[in-house]
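**Q** One structure, as structure tokens, below. Some questions next.
The values are calculated or read from the model by the stated rules, or taken from the named source; none is laboratory data. Here the structure is a predicted model, which means the values were calculated and not measured. Cβ atoms come from the backbone with ideal geometry, glycine included; neighbour counts cover every protein chain shown. For accessibility, only protein heavy atoms count, side chains too; no ligands or nucleic acids. Shrake-Rupley method; radii C 1.70, N 1.55, O 1.52, S 1.80 Å.
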Amino acid sequence: MRLVMLGPPGAGKGTQARLLEARLNSPQVASGDLLREAVRKRTALGIEAKDYMDRGVLVPDELVLKLINERLSQADAHGGFILDGFPRTVEQAETLARMLEKRGETLDKAVAIIVPDEEIIKRISGRRTCRSCGAMYHMIYDPPRNMNLCNSCNGELYQRDDDAEDTVRMRLEVYAASTRPLLEHYERLNLLALIEGIGRPEEIEGRILVALGRLPAGDGTSNAAGARSKTGAQSKN
Ligand code: AP5
């Protein structure tokens with residue numbers, strides 16, 4: 001399955017992409033993770049991208065597209081992928097469509113997770129990530145057993161540089177100006193699934209699987225209708 005995950009910073013795109021990987025047998029391809037890896041390795045691309053990321057603004061397209069193109073060319077992404085954080089603008093979405101067209105492929109769905117701003121600030125301020133294995137925690141919603149150590153590998157947990165409050169506010173502004181219009185774009189293409197993002201991660205995963213037709217609709221799964229009524233016809237998040 002070829003999916004795009006949309007939603008504001010901290011909406012839970014990465015959390016859901018990781019949950020869905022095994023279910024859909026398709027790898028998560030996270031533009032933010034690819035960029036952070038390049039920064040960590042101090043590649044030329046990473047050095048150039050870092051300043052943009054630290055300010056909470058979008059990294060120039062040529063850098064992001066290079067990483068995404070390389071990653072989607074790897075064998076494990078040939079059967080499908082879960083894109084997380086890309087595309088982030090209508091221009092990136094159009095480039096993605098052309099990239100896929102060359103491979104004789106199309107997107108199956110764009111899943112937008114809807115979460116109000118006040119919840120986003122709480123989620124981001126509590127987020128901690130393992131330096132060794134990338135596992136993610138939340139200091140209140142999903143705390144590690146030992147303070148600052150990963151449950152799986154005992155690695156050190158850290159807070160992302162761009163999770164400082166001012167930078168988060170800038171990321172939210174950038175989302176509203178540049179990324180939110182993508183919801184309309186994918187709605188026009190009849191690919192959009194709006195998912196209510198409040199609840200336990202497993203509940204949200206269930207809503208997504210229903211929207212993808214991988215689970216029958218059941219209790220509490222009226223995701224799109226609920227999300228639309230909370231956010232207006234063209235969701236705010
Ligand atoms: P990126 O890394 O993509 O950041 P983001 O989009 O801002 O998203 P986040 O990773 O912050 O949040 P998320 O939605 O994945 O939430 P998560 O699952 O972690 O981008 C970073 C930067 O890179 C950008 O600012 C830009 O500079 C650059 N960049 C990236 N892609 C680019 C592109 N395409 N073009 C240009 N520049 C680009 O969850 C957050 C927290 O909430 C966690 O602690 C989690 O445990 C918790 N949580 C998750 N779900 C729930 C739940 N249901 N209930 C309670 N807590 C939950």
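**Q** Filter the range 1-42 down to the residues that are among the small types (Gly, Ala, Ser) and either within 22 Å of Thr167 (Cα to Cα) or modelled with pLDDT of 95 or more (or both) and list them by number.
**A** Gly7, Gly10, Ala11, Gly12, Gly14, Ala17, Ser26, Ala30, Ser31, Gly32, Ala38, listed by residue number.
**Q** Another question, then. Could you tell me whether the range 143-150 includes any residue that is at pLDDT 90 or above, within 13 Å of the ligand (Cβ to nearest atom), under 27 Å from Thr89 (Cβ atoms) and not polar (S, T, N, Q)?
**A** Scanning the range 143-150 turns up no residue that is at pLDDT 90 or above, within 13 Å of the ligand (Cβ to nearest atom), under 27 Å from Thr89 (Cβ atoms) and not polar (S, T, N, Q).
**Q** Taking the conditions exactly as written (touching an Asp or Glu at 6+ places or on another chain (Cβ under 6 Å) and either more than 21 Å from Gly199 (Cα to Cα) or among the polar types (S, T, N, Q) (or both)), does Arg2 satisfy them or not?
**A** yes
**Q** Another one. Condition test on Ala93, is it outside any strand (DSSP E or B), free of Cβ contacts under 8 Å to residues at least 24 places away in the same chain, surrounded by 15 or more Cβ atoms within 10 Å (Cβ to Cβ) and not hydroxyl-bearing (Ser, Thr, Tyr)?
**A** Values: outside any strand (DSSP E or B): yes; free of Cβ contacts under 8 Å to residues at least 24 places away in the same chain: no; surrounded by 15 or more Cβ atoms within 10 Å (Cβ to Cβ): yes; not hydroxyl-bearing (Ser, Thr, Tyr): yes.
No.
**Q** When residues of the range 1-30 are filtered for being open to solvent by less than 10 Å² (accessible area, probe 1.4 Å), part of a helix (DSSP H, G or I) and among the small types (Gly, Ala, Ser), how many remain?
**A** 1
**Q** Tell me whether the range 31-46 contains one or more residues that are among the charged types (D, E, K, R) and under 15 Å from the mean Cα position of the chain (by Cα).
**A** Yes: the range 31-46 contains one or more residues that are among the charged types (D, E, K, R) and under 15 Å from the mean Cα position of the chain (by Cα).
**Q** Something else about it: For the range 34-49, what are the residues that are open to solvent by less than 80 Å² (accessible area, probe 1.4 Å) and in a helix (DSSP H, G or I)? Full working, then the answer.
**A** Of the residues in the range 34-49, the ones open to solvent by less than 80 Å² (accessible area, probe 1.4 Å) are 34-39, 43, 45-46, 49.
Hits for the range 34-49 are Leu34, Leu35, Arg36, Glu37, Ala38, Val39, Leu45, Gly46, Ala49.
**Q** Turning to a different aspect of this structure: Taking the options Ala135, Ala112, name whichever one is buried (at least 16 other Cβ atoms within 10 Å of the Cβ), within 17 Å of the chain's Cα centre (by Cα) and more than 21 Å from Leu35 (Cβ to Cβ). Please lay out each step first, then the result.
**A** Working: Ala135 fails: more than 21 Å from Leu35 (Cβ to Cβ).
One residue alone meets the criteria, Ala112.
For (1) modelled with pLDDT under 90; (2) open to solvent by less than 70 Å² (accessible area, probe 1.4 Å); (3) over 18 Å from Val4 (Cα atoms); (4) under 17 Å from the mean Cα position of the chain (by Cα), each residue gets a yes or a no:
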| residue | (1), (2), (3), (4) |
| --- | --- |
| Val168 | no, yes, yes, yes |
| Arg171 | no, yes, yes, yes |
| Pro181 | no, yes, no, yes |
| Asn190 | no, no, no, no |
| Ala193 | no, yes, no, yes |
| Leu209 | no, yes, no, yes |
| Asp219 | yes, no, yes, no |
| Gly232 | yes, yes, yes, no |
